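Step one of this worksheet: look at the structure below.
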Amino acid sequence: MKILKFKNKQKFKYSKKIIVKDLILLLSVGIHQFEKLEKQRVKFNIEITTDPNLKPDIKSIVNYESIINDIKRLTKKTHFELLESLSESLLDEMLKNKKIKKIKLKIEKLDIIKETSSVGIEVVKTRI
C-alpha cells in the first residue's frame, strides 16, 4: 500500500487598507489673497495600507476616526499655501504610526476654478 501525502502549502499575499472617502473640510489653503482671507472646501480621499500581520482588535488597528481627527487638527491651526505642503504635513503625521506601511492621499479644492468640479493633487508615500 502506497501512502500519498498531500501538500497544503498555500501561500498568500495579503494586505489591509483603511479608507477615508470624500472627507470635506473648510480650511485655509492657497497662494491668492482671497484664499488667505476665506476658508474653502477641500476634499480628502485616503487609502492607508497597514501591516497585514496585525490581529484585528481595537488595540492593534489603525483607527480611521483618529486619522480624521488628526487631519482636522492639523488643518484647523495653519494656512497652507500649497496643497503639496499640506500633504507632506499630513503624511508626516500619519506615518508616526508604525503600523502604517503606505498612504495614498488625494486632496482637492472643490470651488476654486468654476469650469471644474475640483483641482488637486495625489501623493503616495511608502515606508521602506
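All of the numbers you see were taken from the coordinates with simple rules; none came from a lab. These numbers come from a predicted model, not from an experiment. Neighbour counts run over all protein chains shown; Cβ positions are idealised from the backbone, glycine included.
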Problem - Residue-by-residue Karplus 3J(HN,Hα) for the stretch 94-110, coefficients 6.51, -1.76, 1.60, Hz, glycine and proline x - result: 5, 6, 5, 7, 5, 6, 7, 9, 7, 10, 10, 10, 10, 10, 10, 7, 8
Exercise for the section: Using packing as a proxy for protection, rank 44-50, 58-64 so that the peptide with the highest average count of other Cβ atoms within 10 Å comes first. Expected result: 44-50, 58-64
Completion exercise
Among (1) 12.9, 36; (2) 15.2, 46; (3) 20.1, 87, the entry matching Rg and Dmax of the Cα atoms in Å as calculated here is (3)
Exercise for the section: Please order I71, I18 by the number of other Cβ within 10 Å, starting at the fewest. Expected result: I18, I71
Fill in the blank from the handout: With Cα springs under 10 Å, the Gaussian network model of the chain assigns the largest mean-square fluctuation among K99, K114, K11 to K11
Fill in the blank from the handout: Residues whose built amide H sits under 5 Å from the amide H of L23, excluding neighbours closer than 5 in sequence, are F44
Handout entry: Packing rank of 100-106, 117-123, where each peptide gets the mean count of other beta carbons within 10 Å, highest leading
Key = 100-106, 117-123
Practice task
Using the charge dipole of the chain (Lys, Arg: +1 at Cβ; Asp, Glu: -1 at Cβ; taken about the Cα centre), state which of I103, N45, I3 has its Cα farthest towards the positive end.
Solution key: I3
